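Only one structure is covered here, and it is reproduced in the block below.
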Number of protein chains: 2
Amino acid sequence: MNYYIGIDLGGTNVRVAKVDEEGRILKDVIAPSHGKEGPEKIEANILELLKGFDLSDVKSIGLAIPGPVDGEKNVITMATNIPGCEGYPFADNIQKAVDVPVFLDNDANAAGLAEAILGAGRGYNEVYFLTHSTGIGGALVIDGHVVSGHKGYCGEVANVIVDPEAKLYPIYSHLNKGGVETVASGTAIGLIGEEVIGPEAASSRKVFSMAKDGDERAIAILDRMSLNLARCLSAISAICAPDCFVIGGGCSHSSEMYFDKVREYFKTMAHEGMREVPILKAALAEPGVLGAAMIGKSRLG
Amino acid sequence: MNYYIGIDLGGTNVRVAKVDEEGRILKDVIAPSHGKEGPEKIEANILELLKGFDLSDVKSIGLAIPGPVDGEKNVITMATNIPGCEGYPFADNIQKAVDVPVFLDNDANAAGLAEAILGAGRGYNEVYFLTHSTGIGGALVIDGHVVSGHKGYCGEVANVIVDPEAKLYPIYSHLNKGGVETVASGTAIGLIGEEVIGPEAASSRKVFSMAKDGDERAIAILDRMSLNLARCLSAISAICAPDCFVIGGGCSHSSEMYFDKVREYFKTMAHEGMREVPILKAALAEPGVLGAAMIGKSRLG
């Protein structure tokens, strides 16, 4: 049996786990990440946490980062939640300190990798993973490997234009008008809910709950969201033809409220030969830290 | 030096060439393909043509097909121009007859592979190739390998919705309203030209020519086409983040009339980190038969 360390680094917390190749978590710690205090502090904290783990039988360490990563250079391209970390040599430094190979990737890529190898996408060759949460991100995994893309931007689907006539809320001024994140993310659903219904619908959670209670306005908002998600999936299907889609993230916990609608709309827009492609709910409770552990596995074997 | 055979099979003609690993064509024949006469006749014809080649030093044979190919099963999924060939074991049969490994792929994938390995995309890790011709197809090549996708559908971008409010001409009733092929292909430009200007603009060639002569209506049609192509490229960039785009096909021979516009529009829609990604004109005079030869190289080495 092979063992791996996964480190899931967020702006608030960092989680470190030792994982076997089947995805079983053997040991697990969670601690503040000191994400706003600069890369040296973040790194010293991670090294301190690693002291609690037996690394003698660990093949690699994977570090999942909240932002795009340049896979070739093994550094962070952009990191909104952990400012000042762009280009910082986390991988090199940690590797030198503990003498185990270290690999970096984006957290959405890590979660997608976990779902593709161990979760809902297991058994499919090409998996497109989407996080449907406050934002919308994603990952393309082919044959057990994350496709990194130019500067690590593969899977950053937020900007795919799906509803060009839709209103662009000011918080999305950096994105395309009608980009999928601006009309179908959890945050967008809250903004639309507030505008169309009122303050009682000012979050995606509230809109889901009102729709469950039969509120027609909330149902209509989720219907449009489903159409827009399906448009994004149909673009993905035409552009890279995955064998399955896996959708995770906070919104997907309410999958019973919209997945069937997404599937219905998708079938009307996908090429005939792609209509049967399954749209699956993410299956893992801990994709972040498992995916971080799988980063190293996918690179080194 | 390694040698490969490429066979570019079309509905009208078939071309067979012996190629070295640098893409130099050593010998080349072109003959009628008997494309409408069924798979046995097509195959017998190919075997007859192969008799004219010294195969003793050939590592593999690649066969490029006008339609999607199931890479795993090495058979044709759909073949409009060579009817009756779906599922027919061309690869197995030819391999048995000549005792050289045979690999099948789609002709757009083959052309994309040639451009990625030998042409404009040389040196880039991830290349998205588009054929901009009577239709719009494409190919995704990562690290010298074509991504096949579900049933070979990767790269079949015709259906990517870019202009949902545009008219859907009856010949495109099988595609999405606003799909890129329905608004930006050579055929679509001819239809739009005929409707907006008249019979003197009923082909893309005529529209290009009128625009060159300063006709404002033709210029406006090409401007919209460029916007719609850029929308498709921006979707591709958000979904799989290639390191470059390569555009080939008949329309690209008039690249000076629209590539700069496409680049301009693309920059307004792509994520900041993707704006610099080059949009290149295909460089090879013979991507079909070279790509066919490279299919085997990319599979076996």
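Note on chain B: GNM, Cα springs under 10 Å; of B:Gly112, B:Gly273, B:Gly288, the largest mean-square fluctuation is that of B:Gly273.
R0 = 41 Å: FRET efficiency of A:Glu40 with B:Glu256, Cβ-based, nearest 0.05? Between A:Glu40 and B:Glu256 the formula returns 0.20. The GNM of chain A, with springs linking C-alpha atoms under 10 angstrom apart, assigns the highest mean-square fluctuation among A:Val262, A:Val180, A:Val58 to A:Val58. Net charge near A:Ala283, counting Lys/Arg +1 and Asp/Glu -1 over other residues with Cβ under 9 Å of its Cβ? After counting each charged neighbour, the total is +1. In nanometers and ordered shortest first, the copy-to-copy spacing of the B:Gly84 label point, defined 7 Å from Cα toward Cβ, is 7.4.
Rounded to the nearest 20 debye, the dipole size of region A:123-281 about its Cα centre is 180 debye, using +1 on the Cβ of Lys and Arg and -1 on the Cβ of Asp and Glu. Projecting the Cα atoms of A:Cys244, A:Met269, A:Gly144 onto the charge dipole of region A:123-281, computed from C-beta unit charges around the Cα centre, puts A:Gly144 farthest toward the positive end.
Dipole check for the protein assembly as shown: with +1 at the C-beta of Lys and Arg, -1 at the C-beta of Asp and Glu, and the Cα centre as origin, the magnitude is about 200 Debye.
Shortest first, in nm, what separates the label point of B:Arg275 from those of the same position in the other copies (7 Å along Cα→Cβ)? Those separations, rounded to one decimal, come out as 4.1 nm. Axis angle, to the nearest 10 degrees, between helix A:287-300 and the longest C-alpha principal axis of chain A: 60 degrees. Between helix A:216-240 and chain A there is an angle of about 60 degrees, using the helix long axis and the longest principal axis of the Cα atoms. By DSSP, the beta bridges lying fully in the protein assembly as shown are antiparallel in about 60 percent of cases. Histogrammed with a bin width of 5 Å, the alpha carbon distances of region A:11-94 distribute as 3, 13, 25, 25, 19, 13, 3 percent, first bin at zero.
Quick check: net charge around A:Leu63, other residues with Cβ under 9 Å of its Cβ, Lys/Arg +1 and Asp/Glu -1? Show your work: numbers first, answer last.
Details: positive: none; negative: A:Asp8, A:Asp105.
The answer is -2.
In a shell of Cβ-Cβ distance under 13 Å around A:Ala44, excluding A:Ala44 itself, what net charge do Lys and Arg (+1) and Asp and Glu (-1) give? Once all neighbours under 13 Å are counted, the net charge is -2.
The H on the amide N of B:Lys281, modeled in the peptide plane, is under 5 Å from the matching H of B:Ile247, each at least 5 residues off or on a different chain. Sorted from closest to farthest, the other copies place their B:Asp99 label points 5.4 nm away, with each point set 7 Å from Cα along Cα→Cβ. GNM on chain B, alpha-carbon springs under 10 angstrom: the most fluctuating residue among B:Ala211, B:Ala285, B:Ala220 is B:Ala285. The angle between the Cα long axis of helix B:107-117 and the main principal axis of chain B comes to about 90°, on a 0 to 90 degree scale.
Could you tell me whether region B:183-301 comes out rounded, prolate or oblate from its Cα gyration tensor? Rule is a ≥ b ≥ c as square roots of the eigenvalues, rounded for a/c under 1.5, then prolate if a/b exceeds b/c, otherwise oblate. Here region B:183-301 falls in the oblate category.
Going by the alpha-carbon gyration tensor, a ≥ b ≥ c the square roots of its eigenvalues, is the protein assembly as shown rounded (a/c under 1.5) or, if a/c is not under 1.5, prolate (a/b greater than b/c) versus oblate?
Since a/c reaches 1.5 but b/c is at least a/b, the shape of the protein assembly as shown is classed as oblate.
Magnitude of the charge dipole for region B:177-219, about its Cα centre and with charges confined to Cβ atoms of Lys, Arg (+1) and Asp, Glu (-1), is about 120 debye. Here the 3J(HN,Hα) profile of region A:22-34, calculated from phi with Karplus coefficients 6.51, -1.76 and 1.60 at θ = phi - 60°, is 8, x, 7, 8, 8, 8, 7, 10, 10, 8, x, 8, 6 Hz, Gly and Pro shown as x. Placing unit charges on each Cβ (+1 for Lys and Arg, -1 for Asp and Glu) gives region B:123-281 a dipole about its Cα centre, and among B:Phe208, B:Ala188, B:Ile221 the Cα reaching farthest toward its positive end belongs to B:Ala188.
Read-outs: derived from the displayed coordinates by stated rules, not from any lab. None of these values were measured; they are calculated from a predicted model. In this analysis, Cβ positions are derived from the backbone assuming ideal geometry, glycine residues included, and neighbour counts consider all displayed protein chains.
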